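Working notes, beginning with the structure itself.
The values are calculated or read from the model by the stated rules, or taken from the named source; none is laboratory data. Given the structure is predicted, the values throughout are model-derived calculations rather than measurements. Cβ: placed from backbone, ideal geometry, glycine included. Neighbour counts: every protein chain shown. Calculation scope for accessible area: heavy atoms of the full protein, side chains included, ligands and nucleic acids excluded. Shrake-Rupley method; radii C 1.70, N 1.55, O 1.52, S 1.80 Å.
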Amino acid sequence: MAAREFTRPALPGAVFAVRELRFWLTDYRRTWRGSIYSSLLNPLLFLGAMGLGLGSLVNKQGDTAIGGVSYLTFLAPGLLAATAMSTAVGESTYPVLASVKWVKTYQAATASPLRPADIFHGHMLFVARRLTMNCAIFLAVSAVLGAVHSFWALAALPVAVLTGVAFNAVIESWAITRTRDTSFAVIFRFGMIPLFLFSGIFFPVTQLPGWLQPIAYATPLWHGAELCRSLSLGTATAGGALAHLGYLAGLAAIGVAAGNRSYRRRLYV
């Protein structure tokens, strides 16, 4: 280990992370068509069925509870943040375990000048690109369906990406420690699905039981969805935006710090 670090070329660490990113991009060239289809169909189906279909029934009951806007307008920013979460969780679990256990591309990378942190950061860069692509497609579909009414909605794109990065950093720092994939089902069923349902995506958190509201307010998805929605509706305040951004950035920083350690422990054995 010491010899590998000693002979490492004197280049900035970001250069090596970009080299790992190039590997993931090369691999993605074989599968991008399939992911594009799902990235396009998911917003069409969700916004069409929930925003337009169910939304037509919700709108008949009045829009006071959702801030005086149509249900489609209320729903779209929340689903944008949820799309970032689902993309991040998907890219942070099985691809990581496959790289370290089944196809062992991570072990191959450690035989090069790349260090575990470079491998971790390179994959995070790839996930950030996937998040940007998926969220941009979602935002475009939302605009086509009439859910975007202000240019401020464009500001929701980097917020959604940051939301996904926060999930990515934390989950990937844990996923690299796994030796089996059975625990991933727990994340999907008892983590992602409850967050999807009870973080203010489909209805305001204020409609939850009083004892459950503080839990919802503490979740990263609520912070991402709330900021995306307030930006899209033009109701964001500087204090609120800074609080949401600080929470998400802090969570991402914790995940990166934990990932640097867990990657090193797993790959330097």
| Rounded to the nearest 0.05, what FRET efficiency is calculated for Ala136 and Thr179 with R0 set to 25 Å and r the Cβ-Cβ distance? | 0.10
| field | region 209-255-region 80-141 distance, computed between alpha-carbon centres (Å) | value | 23
| request: Mind grabbing the base-10 log of I(q)/I(0) for the chain at q = 0.10, 0.11 Å⁻¹? Debye formula, identical points on the C-alpha positions, no solvent, two decimal places. | output: -0.54, -0.64
| query | HN-Hα J couplings of region 203-218 from phi, Karplus 6.51/-1.76/1.60, θ = phi - 60°, integer Hz, Gly and Pro as x? | reply | 7, x, 4, 5, 8, 6, x, x, 6, 8, 4, x, 5, 5, 5, 8
| note | Karplus-derived 3J(HN,Hα) from phi for region 100-107 (6.51 cos²θ - 1.76 cosθ + 1.60, θ = phi - 60°), whole Hz, x at Gly and Pro, runs 9, 10, 8, 9, 6, 5, 5, 5
| Surface share of carbon and sulfur [accessible, 1.4 angstrom probe, percent] for the chain | 68
| Once every DSSP H run of n ≥ 4 in the chain is given -39500 (n - 2.57) and the sum is divided by its residues, what mean residue ellipticity at 222 nm do you get, rounded to the nearest 500 deg cm²/dmol? | -21500 deg cm²/dmol
| query | Between Arg129 and Ser38, how many nm apart are label points set 7 Å from Cα along the C-beta direction? | reply | 1.8
| note | The correct ranking of Trp152, Trp102, Trp211, Trp222 by accessible area at 1.4 Å, largest first, is Trp211, Trp152, Trp102, Trp222
| Accessible surface of Val103 - all protein chains present, 1.4 Å probe, nearest 10 Å² | 100
| task | Find the relative contact order for the chain and round it to a whole percent, using C-alpha pairs within less than 8 Å whose residues are 6+ positions apart. | result | 28
| task | Work out how far the C-alpha atoms of region 56-213 reach from end to end along every principal axis, then list the three figures in whole Å, largest first. | result | 61, 36, 21
| note | The equivalent-ellipsoid semi-axes of region 201-253, taken as the square roots of five times the Cα gyration tensor eigenvalues and listed largest first in whole Å, are 19, 15, 9
| query | Cβ under 11 Å from Ala236's Cβ, Ala236 left aside: what net charge do those residues give with Lys, Arg +1 and Asp, Glu -1? | reply | 0
| said: Could you tell me how many cubic angstrom of Cα convex hull volume region 149-269 has per residue? | reply: 117
| If you rank Arg19, Arg30, Arg189 by how much accessible surface each has, with a 1.4 Å probe, what is the order from largest down? | Arg30, Arg189, Arg19
| query | Sorted by accessible area with a 1.4 angstrom probe, largest first, how do Phe196, Phe120 fall? | reply | Phe196, Phe120
